[in-house]
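Colleague: Could you have a look at this structure, given as structure tokens, before my questions?
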Amino acid sequence: MRGLCFIIHNLLESLHQPIGNINSWSANVIATLLAIGDWGYFLYQGIIYPLGGINILWPLFSVANQILAGMAPILATVVLIKMKKLLHVWVTALSIIFPLMIILVAVLYKIFSLDPKIKFLIHALCFLRLCLKVGRWLARSKDMGQMQHIISNDYVNMVLTVLFMAVVL
């Protein structure tokens, strides 16, 4: 949570300079409320999601987990460089390439795949076509509002996945 608050401080600092001050009590409260609100939003969406909460939370969790695992060798490389152990940097630097390539390919596949079971963009487009052109919705959805909810959550997942990968790159 502390890391997320620090990231929020840095992002909001460009909008309003005093929010970037990590020693300010009010700036810390704002960043903490935003961090809690973000997680609260995803938990709430998981509760009201027509296809079950795990279906919206799990893709984001899995992408974030794999990206975090790919970032560990980056941290180790930076630590070795700061310690001036340049002879050993190649070990961690080489271990960065493979996991991040796999993660990048998986993220691109997750976003641009043509299989709706793999999701995000094509999943949202299939449901959008089902709603608008055919006028039907899934059996687990009670109305068109819930189908819109499914579609918007796919777009949110896609945008956050791209944001996660952009942060790593």
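Colleague: Set the Förster radius R0 to 45 Å, insert the Cβ-Cβ distance between S113 and N23 as r into 1/(1 + (r/R0)^6), and round the FRET efficiency to 0.05.
Modeller: Between S113 and N23 the formula returns 0.50.
Colleague: Grab the beta carbon distance between L57 and L87, set R0 = 35 Å, and tell me the FRET efficiency rounded to 0.05.
Modeller: Efficiency computed from Cβ-Cβ geometry: 0.20.
Colleague: What does the charge count near W58 come to, summing +1 for each Lys or Arg and -1 for each Asp or Glu among other residues with Cβ under 13 Å from its Cβ?
Modeller: +2
Colleague: Quick check: pseudo-label points 7 Å beyond the Cα along Cα→Cβ at N65 and Y41, how many nm apart are they?
Modeller: Taking the simple label geometry, N65 and Y41 are separated by 2.3 nm.
Colleague: How much length is gained if the chain between I97 and L34 is pulled fully straight, taking 0.36 nm per residue apart and subtracting their Cα-Cα distance, in nm to one decimal?
Modeller: Net length gain for the segment: 19.3 nm.
A short reminder: the numbers here are calculations on the coordinates, not readings from a lab. Bear in mind that the values here come from a model prediction, so they are computed numbers and not experimental data. In this analysis, Cβ positions are derived from the backbone assuming ideal geometry, glycine residues included, and neighbour counts consider all displayed protein chains.
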